[in-house]
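The values are calculated or read from the model by the stated rules, or taken from the named source; none is laboratory data. Predicted, not measured: the structure shown is a model, and the values here were computed from it. Glycine also receives a Cβ, built like all others from the backbone with ideal geometry; neighbour counts cover every protein chain displayed. Ligands, DNA and RNA are excluded from the accessible area calculation, which covers all protein heavy atoms including side chains. Shrake-Rupley method; radii C 1.70, N 1.55, O 1.52, S 1.80 Å.
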Amino acid sequence: MTAIRLKKERLMAPVIILTVLIFIMGTGNFLLLRHIRSQTELLISQNLPLWAMAGTLYRLTAETGYAMASYEQHADPATWETAWETSEICMENIRTGQSLARNQNSVTFQSHMDRMDIVLTRYQDVMQRSRNARESIMENRKTMKRSSSLFLESIRAYNRLQDQEMNLQIAAAFGKGSLVRYGLDLSSEQELKIRHSRIQAGNTILNRGHTLYTEIWEAETRGDIHSLSIILPDVQEVHDSMSELLKVTRQPQNLQLLQRAMAALENNMAAVHNLILARQHAEKATAIQKASYHELLSTASEIASEAHARAIYGNDETRRILRQGLTRPLQLAVISIVIMFFFLFLHYLRTEKNKERNH
C-alpha cells in the first residue's frame with residue numbers, strides 16, 4: 001500500500017506543478033493583455049482625438065487672426081465675414097472639445113476648453129466692435145466726400161452768380177443806365193463796392209475750403225487723428241465766415257446757394273468729428289483685438305502642445321507595454337521552470353526521506 005501511494009504521489013506532483021505553472025502563466029498573460037487593451041483604448045479614444053481637436057483649434061485660430069489682420073488693412077467686408085465664419089467653426093469645435101472632455105472625464109482638457117471658450121467669446125466681441133468702427137469710418141468718409149463736393153459746388157455756383165451780377169452792374173454803371181432790383185440801384189458805386197466784397201468773401205471761402213478738404217483727405221488717408229483734430233477749428237473759421245456772409249446776403253438765389261453750402265459744411269464738420277471718434281474706436285478695438293488674439297493663440301498653442309505630449313506619451317507607453325508583451329511570456333516561462341524544478345527538488349527530497357523511513 002505504501003509503494004502504491006508513493007507511486008500516486010509521484011504521478012500527482014508533476015500534474016499539480018504543471019497546473020500551477022499554467023495558472024501562473026495564464027493569469028500573467030491575461031493581466032498583460034488587459035493592460036494593453038486599456039492603454040490602446042486610452043490612446044485611440046482619448047489621446048489621439050484630443051490631439052486632433054487641439055490641432056484643429058490652433059489652425060482655425062491662426063486662420064481667424066490672418067483674416068482679421070487682412071480686414072484691418074483693407075476693410076473688405078468679405079474678409080471680415082471669412083474671419084467670423086472661421087471663428088464660429090472654431091467655437092463649434094470648442095463645444096465639441098468640451099463635450100469630449102466631459103465624456104472622458106479629462107479635467108485638464110475641460111479647463112483648457114472652458115478657457116478657450118471665454119477668450120474666443122471676448123475676441124468675437126472685439127471683432128464686432130472692430131467691424132462697427134471700420135463701417136463707421138467708411139460711412140463718414142462717404143458723407144465727408146459728398147458734403148465737401150456739395151459745399152465746393154455751391155460756393156462755386158455762388159461765385160459764378162456774383163461774377164455775372166458784377167458784370168451787369170459794371171455795364172449799367174458805365175453805360176449811364178440804371179439796374180434796379182428789389183428797390184436797390186445796383187449800378188451805384190456803393191452797390192458795386194458791396195458786390196466786390198461779396199466776390200472777395202466767396203473766393204476766400206472757396207479757396208480756404210478747398211485747401212482744408214485737401215488737408216482733411218490727406219490726414220484721413222494716413223489715419224492721422226491728431227491732424228484731423230487740428231483741422232476742425234480751421235473748418236469752424238470757414239463756418240463763421242459763411243455765417244457772416246449769410247447775414248448780409250439779400251438776393252434769394254444767393255441766399256439759397258449759401259444756405260446749401262452752409263448745410264454741406266456742417267455735415268462735413270459732423271462727418272470729420274465722427275470720423276475722429278470712429279478712428280479712436282478702431283484703434284482701441286485693434287489694440288484689444290491684438291491682445292485678445294495673442295491670448296487666444298497662446299491658449300490654442302498650449303492646448304495643442306499638451307495634447308501632443310499626451311498623445312506621444314500614450315503612444316510610447318503602448319509600445320512599451322507591447323514590448324513587455326513579447327518578453328513577458330518568456331519571463332513567466334523561465335520563472336515557471338525555476339518553480340517547477342524547485343517543487344520537483346522538494347518532491348525528490350520527500351521521496352528519499354520516505355525511502356529511508358521504509359528501509
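Overview of results
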quantity	calculated
Residue that is nearest to Leu296 (Cα to Cα) [pool: residues in the stretch 124-156 that are exposed (fewer than 15 other Cβ atoms within 10 Å of the Cβ) and of a type in the set (S, T, N, Q)]	Gln128
Residue in the stretch 297-305 that is touching an Asp or Glu at 6+ places or on another chain (Cβ under 6 Å) and either surrounded by 14 or more Cβ atoms within 10 Å (Cβ to Cβ) or not β-branched (Val, Ile, Thr) (or both) present	no
Whichever residue in the stretch 57-78 is more than 12 Å from the chain's Cα centre (by Cα) and open to solvent by less than 40 Å² (accessible area, probe 1.4 Å) and, among such residues, is nearest to Ser130 (Cα to Cα)	Ala75
Test for Arg134: is it part of a helix (DSSP H, G or I) and in contact (Cβ under 8 Å) with a residue 40 or more places away in the chain	yes
Which numbered condition Ala287 misses (of (1) in contact with a helix residue (DSSP H, G or I) (Cβ under 6 Å, 6 or more places away or on another chain); (2) closer than 30 Å to Arg122 by Cβ; (3) surrounded by fewer than 18 Cβ atoms within 10 Å (Cβ to Cβ))	(1)
Members of the stretch 229-257 that are of a type outside the set (Ser, Thr, Tyr) and either touching a Ser or Thr at 6+ places or on another chain (Cβ under 6 Å) or within 30 Å of Arg134 (Cα to Cα) (or both)	Ile230, Ile231, Leu232, Pro233, Asp234, Val235, Gln236, Glu237, Val238, His239, Leu255, Leu257
Some residue of the stretch 96-105 being open to solvent by 70 Å² or more (accessible area, probe 1.4 Å) and of a type in the set (D, E, K, R)	yes
Flag for Asn159 being modelled with pLDDT of 90 or more, crowded, with 18+ Cβ neighbours inside 10 Å and either under 37 Å from the mean Cα position of the chain (by Cα) or not in a helix (DSSP H, G or I) (or both)	no
Any hit, the stretch 50-66, residues being at pLDDT 65 or above, over 25 Å from Glu302 (Cα atoms) and of a type outside the set (Gly, Ala, Ser)	no
Out of Glu81, Glu92, sole residue that is within 14 Å of Leu57 (Cβ to Cβ) and part of a helix (DSSP H, G or I)	Glu92
Top-ranked residue in the stretch 245-265 [being open to solvent by 90 Å² or more (accessible area, probe 1.4 Å) and touching a residue at least 12 places away in the same chain (Cβ under 8 Å); ranked as farthest from Ser148 (Cα to Cα)]	Arg250
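Residue-by-condition table, conditions (1) over 29 Å from Leu150 (Cα atoms); (2) modelled with pLDDT of 80 or more; (3) under 51 Å from the mean Cα position of the chain (by Cα):
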residue: Asp163; (1), (2), (3): no, yes, no
residue: Ala172; (1), (2), (3): yes, no, no
residue: Tyr182; (1), (2), (3): no, no, no
residue: Ala201; (1), (2), (3): no, yes, no
residue: Ile216; (1), (2), (3): no, yes, yes
residue: Arg222; (1), (2), (3): no, yes, yes
residue: Gln236; (1), (2), (3): no, yes, yes
